[in-house]
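The values are calculated or read from the model by the stated rules, or taken from the named source; none is laboratory data. Fair warning: this is a prediction, and the values are worked out from it, not measured in the lab. Neighbour counts are summed over all protein chains in view; Cβ atoms, including those assigned to glycine, are modelled from backbone coordinates with ideal geometry. These area figures cover heavy atoms from the full protein model, side chains too; ligands, DNA and RNA do not enter into them. Shrake-Rupley method; radii C 1.70, N 1.55, O 1.52, S 1.80 Å.
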Amino acid sequence: SSFVTRAYNGAIPGPTLRASAGDTLAVTLVNTLADVANADDVAMNTFRTPNTTNLHTHGLHVSSAAPGDDIFTEVEPEHTGAYSFAIPSFHMGGTHWYHPHHHGSTALQAGGGAAGLLIVDDAPGEVPDVVANMPEIPLMMTAVDMDLMSEIQADFNDALWQVTGDGGD
């Protein structure tokens, strides 16, 4: 099986973003999807505007007001959005993640693999030396339900998703 999907920088997972407590993480989201079959004539939480996107984080304790982690920001096809995440100086280190969260296309985009790791580095002395000195091996696991994506494609249009071959994950 193969499929064409929406992904950050054309890869699954997307790039790993990294910051430290006290940083302001600036992200420029360039939506290179074409403005084709991007109808917005249906209810909010149904499949709609498949090529409109945005960026949402999980794990960051940051403002939800634009240009921060605002899920209502819309980056239209062939447009660019700028995000600025002011990470508090007291933010704990950890491994978090990001994905698109535009209502109507979240399942299609995130379910198709558009997601990535977001690491907030541990501050010096925040964790024991034995932990701080361990080799870092970032790992992100995802699964794409090809059968479900084929059903979505059949119910919508050919510009939404392109799946060939057998189903499965």
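From the residues in the range 60-119 that are acidic (Asp, Glu) and farther than 19 Å from SER20 by Cα, which one is farthest from the chain's Cα centre (by Cα)?
Going through the qualifying residues, I end up with GLU78.
With respect to the numbered conditions (1) of a type outside the set (D, E, K, R); (2) in contact (Cβ under 8 Å) with a residue 40 or more places away in the chain; (3) within 30 Å of GLU126 (Cβ to Cβ); (4) in contact with a Ser or Thr (Cβ under 8 Å, 6 or more places away or on another chain), which one is the sole condition not fulfilled by GLY68?
Of the numbered conditions (1) of a type outside the set (D, E, K, R); (2) in contact (Cβ under 8 Å) with a residue 40 or more places away in the chain; (3) within 30 Å of GLU126 (Cβ to Cβ); (4) in contact with a Ser or Thr (Cβ under 8 Å, 6 or more places away or on another chain), the odd one out for GLY68 is (2).
Show the residue pairs that are 6+ apart or on different chains and have beta-carbon atoms under 7 Å apart, the first residue being within the range 140-152 and touching a residue at least 40 places away in the same chain (Cβ under 8 Å), the second being open to solvent by 50 Å² or more (accessible area, probe 1.4 Å) and among the hydroxyl-bearing types (Ser, Thr, Tyr).
Partner pairs satisfying both residue conditions: MET146/SER1.
Taking the condition of being surrounded by 14 or more Cβ atoms within 10 Å (Cβ to Cβ) and polar (S, T, N, Q), how many residues in the range 17-37 meet it?
Of the residues in that region, 2 qualify.
From the list THR57, THR53, exactly one residue is farther than 23 Å from LEU139 by Cα, touching a residue at least 12 places away in the same chain (Cβ under 8 Å) and not acidic (Asp, Glu). Which is it?
Of THR57, THR53, the one residue that is farther than 23 Å from LEU139 by Cα, touching a residue at least 12 places away in the same chain (Cβ under 8 Å) and not acidic (Asp, Glu) is THR53.
Return the total of residues in the range 53-73 being in contact with a strand residue (DSSP E or B) (Cβ under 6 Å, 6 or more places away or on another chain), of a type in the set (A, V, I, L, M) and open to solvent by 30 Å² or more (accessible area, probe 1.4 Å).
2
Return the pair list, or none, for Cβ contacts closer than 6 Å from residues in the range 123-134 that are within 23 Å of ASP23 (Cβ to Cβ) to residues that are at pLDDT 95 or above, at least 6 apart or on different chains.
The qualifying pairs are ALA123/ALA21; GLU126/GLY93.
Specify the residue that is modelled with the lowest pLDDT; the eligible residues are those in the range 74-116 that are open to solvent by 30 Å² or more (accessible area, probe 1.4 Å) and polar (S, T, N, Q).
Applying the filter and picking the extreme gives THR106.
Which one of these is at pLDDT 90 or above, closer than 14 Å to LEU25 by Cα and either assigned to a helix (DSSP H, G or I) or of a type in the set (A, V, I, L, M) (or both): ILE71, ILE119?
ILE119
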